[in-house]
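The values are calculated or read from the model by the stated rules, or taken from the named source; none is laboratory data. Here the structure is a predicted model, which means the values were calculated and not measured. In this analysis, Cβ positions are derived from the backbone assuming ideal geometry, glycine residues included, and neighbour counts consider all displayed protein chains.
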Amino acid sequence: MSDVSIGIDVGGTKALALIVARDGRVLGEVKSKTPHDARHAAGEATAAVLTDQIEQLAKMHGLKVASVPVGIGLPGLMRRDGHLAFAPNLQSASGADLGALLGVALGSSKVFCENDANCAALAEHEWGAGRGIEDFVMVTLGTGIGGGVIADGQLVRGRSGFAGEIGHMVVQAHGAPCLCGGHGCWERYASGGGLGRLTREAALEGRLATLVSRRGNPEDVTAEDVTAAAAEGLEEALTLVREVGWWLALGLSNLAAILDCGHFVIGGGLSSASDLVLPFAREYLVDLVEGYDARPTITVTTSMFGPRSGAMGAALVAFERNS
Ligand SMILES: [Zn+2]
């Protein structure tokens, strides 16, 4: 048994690698840009970056790479056998078996892969905002929306390992196109990417006049401009944040209807804007959830580990599968 493990959360823009103790303490971290170089075989460019991160962390802590269990959290459909079957936000690694590639590069048999949001759910359940809660859904708001479902205290994996792809739940028939090939997916409305898309749309339609005049061009207004202005109380920005809160609540109410989960943990890169969005989402849930008053209270909280949940959960997966 190892006292430490390495967990890496591979996102669409960056890979965060942490070395973690068994009690969840983070002992070190390395951040890198996620490569999207499709000239090599699937996953090779990603594997090279992750190998470098693992070697750096092992060296910093005086460990041999082959002796440390490693967990990798990946976005998209992760098969139970470790293949990343489909990854719209990481297309250069789609189809790859990153565990096998890293195993060869590191000379290690201790590399384990899992869906990134499942990792986040496991970390929050073990150490964070989902501790002691047997039924909750982890919702990670980043470029897209990831999901990890904990039911009766266990991660729901589904037939192939693909359960919890909540970002591609359709919330608007014939709506905005999605990288998955579908239309109207929840992540096109309620994620960081969704806020960016709604911002562009609102700026072009003249609904963000103050922000457009500050930037000089509707195309230049960003999601960050909207959240900063909303925090200062600018009405037009608050209206857009309220809209995102409604879309978030719509998806949560669908999940509550299907799963009867009483608790949602919101994490991911949009977490920093969560303080603004979540009060609106909670308000709308009351109307959107079927029989809201007949149910025990539904709670929506932010994750305890923010953008670190995925990497911490990947480290937890490494501990559990290596034992
Ligand atoms: Zn989609």
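Given the conditions (1) within 27 Å of Arg80 (Cα to Cα); (2) modelled with pLDDT under 95; (3) assigned to a helix (DSSP H, G or I), report the number of the one that Arg197 does not fulfil.
(1)
Let me spell it out: the conditions are (1) within 19 Å of Asp260 (Cα to Cα); (2) over 15 Å from the mean Cα position of the chain (by Cα); (3) within 16 Å of the ligand (Cβ to nearest atom), and Gln154 meets all of them except one. Which number is the exception?
Going through (1) within 19 Å of Asp260 (Cα to Cα); (2) over 15 Å from the mean Cα position of the chain (by Cα); (3) within 16 Å of the ligand (Cβ to nearest atom) one by one, Gln154 breaks only (3).
Within the stretch 46-54, can one find any residue that is over 19 Å from Gly11 (Cα atoms) and surrounded by fewer than 21 Cβ atoms within 10 Å (Cβ to Cβ)?
Scanning the stretch 46-54 turns up no residue that is over 19 Å from Gly11 (Cα atoms) and surrounded by fewer than 21 Cβ atoms within 10 Å (Cβ to Cβ).
Yes/no matrix, rows are residues, columns are (1) small (Gly, Ala, Ser); (2) not assigned by TED's automatic domain parsing to the domain that holds Gly146; (3) not in a strand (DSSP E or B):
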| position | (1), (2), (3) |
| --- | --- |
| Leu63 | no, yes, yes |
| Ala66 | yes, yes, yes |
| Ala85 | yes, yes, no |
| Pro88 | no, yes, yes |
| Ser92 | yes, yes, yes |
| Gly99 | yes, yes, yes |
| Leu102 | no, yes, yes |
| Ala105 | yes, yes, yes |
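When only residues in the stretch 160-180 that are within 11 Å of the ligand (Cβ to nearest atom) and free of Cβ contacts under 8 Å to residues at least 60 places away in the same chain count, which is surrounded by the fewest Cβ atoms within 10 Å (Cβ to Cβ)?
Step one: of the stretch 160-180, the residues within 11 Å of the ligand (Cβ to nearest atom) are 165-171, 175-180.
Then drop every residue that is not free of Cβ contacts under 8 Å to residues at least 60 places away in the same chain, which leaves 167-168, 170, 175-177.
Numbers: Gly167: 29, His168: 19, Val170: 15, Gly175: 15, Ala176: 16, Pro177: 11.
My answer is Pro177.
Are any residues in the stretch 181-193 over 26 Å from Val317 (Cα atoms) and more than 9 Å from the ligand (Cβ to nearest atom), and if so, which ones?
Once the filter is applied, which keeps residues that are over 26 Å from Val317 (Cα atoms) and more than 9 Å from the ligand (Cβ to nearest atom), the stretch 181-193 yields Tyr189, Ala190, Gly192, Gly193.
Can you name the residue in the stretch 133-157 that is among the small types (Gly, Ala, Ser) and assigned to a loop (DSSP other than H, G, I, E, B) and is also surrounded by the fewest Cβ atoms within 10 Å (Cβ to Cβ) among such residues?
The first filter runs over the stretch 133-157 and keeps only residues among the small types (Gly, Ala, Ser), leaving 142, 144, 146-148, 151, 153.
This time we only want the ones that are assigned to a loop (DSSP other than H, G, I, E, B), so: 142, 144, 153.
On the way: Gly142: 26, Gly144: 30, Gly153: 11.
Looking at the filtered set, the residue picked out is Gly153.
Could you go through the stretch 21-28 and let me know if any residue there is among the basic types (Lys, Arg), exposed (fewer than 15 other Cβ atoms within 10 Å of the Cβ), touching a strand residue (DSSP E or B) at 6+ places or on another chain (Cβ under 9 Å) and within 15 Å of Ala318 (Cα to Cα).
Checking the stretch 21-28: at least one residue is among the basic types (Lys, Arg), exposed (fewer than 15 other Cβ atoms within 10 Å of the Cβ), touching a strand residue (DSSP E or B) at 6+ places or on another chain (Cβ under 9 Å) and within 15 Å of Ala318 (Cα to Cα).
How many of the residues in the stretch 190-223 are within 15 Å of Gly144 (Cβ to Cβ) and free of Cβ contacts under 8 Å to residues at least 60 places away in the same chain?
Of the residues in the stretch 190-223, 6 are within 15 Å of Gly144 (Cβ to Cβ) and free of Cβ contacts under 8 Å to residues at least 60 places away in the same chain.
Quick check: is even one residue across the stretch 240-253 over 16 Å from Met138 (Cβ atoms), surrounded by fewer than 16 Cβ atoms within 10 Å (Cβ to Cβ) and not assigned by TED's automatic domain parsing to the domain that holds Lys110?
No: the stretch 240-253 contains no residue that is over 16 Å from Met138 (Cβ atoms), surrounded by fewer than 16 Cβ atoms within 10 Å (Cβ to Cβ) and not assigned by TED's automatic domain parsing to the domain that holds Lys110.
Tell me, yes or no, whether the stretch 31-52 has at least one residue that is under 23 Å from the mean Cα position of the chain (by Cα), assigned to a strand (DSSP E or B) and more than 23 Å from Gly95 (Cα to Cα).
There is at least one residue in the stretch 31-52 that is under 23 Å from the mean Cα position of the chain (by Cα), assigned to a strand (DSSP E or B) and more than 23 Å from Gly95 (Cα to Cα).
If Ala87 satisfies every condition in (1) touching a residue at least 60 places away in the same chain (Cβ under 8 Å); (2) hydrophobic (A, V, I, L, M, F, W, C); (3) closer than 21 Å to Asp52 by Cβ; (4) within 16 Å of the ligand (Cβ to nearest atom) but one, which is the exception?
Only one criterion in (1) touching a residue at least 60 places away in the same chain (Cβ under 8 Å); (2) hydrophobic (A, V, I, L, M, F, W, C); (3) closer than 21 Å to Asp52 by Cβ; (4) within 16 Å of the ligand (Cβ to nearest atom) is unmet by Ala87, namely (1).
Which one of these does Thr210 not meet: (1) surrounded by fewer than 17 Cβ atoms within 10 Å (Cβ to Cβ); (2) in a helix (DSSP H, G or I); (3) at pLDDT below 95?
Failed condition: (3).
Given (1) more than 24 Å from the chain's Cα centre (by Cα); (2) farther than 25 Å from Leu155 by Cα, where does Glu290 come up short, assuming only one miss?
Result: Glu290 fails condition (2) only.
Would the stretch 120-127 turn up any residue that is in a loop (DSSP other than H, G, I, E, B) and either buried (at least 18 other Cβ atoms within 10 Å of the Cβ) or of a type in the set (D, E, K, R) (or both)?
No: zero hits.
How many residues are in contact with a strand residue (DSSP E or B) (Cβ under 6 Å, 6 or more places away or on another chain) and touching a residue at least 24 places away in the same chain (Cβ under 8 Å) if we restrict to the stretch 30-49?
Residues flagged as in contact with a strand residue (DSSP E or B) (Cβ under 6 Å, 6 or more places away or on another chain) and touching a residue at least 24 places away in the same chain (Cβ under 8 Å) within the stretch 30-49 amount to 3.
When you check Gly251 against the structure, is it within 16 Å of the ligand (Cβ to nearest atom) and in contact with a Pro (Cβ under 9 Å, 6 or more places away or on another chain), yes or no? Give the derivation first.
Numbers: within 16 Å of the ligand (Cβ to nearest atom): yes; in contact with a Pro (Cβ under 9 Å, 6 or more places away or on another chain): no.
When the stated conditions are applied, Gly251 does not pass them.
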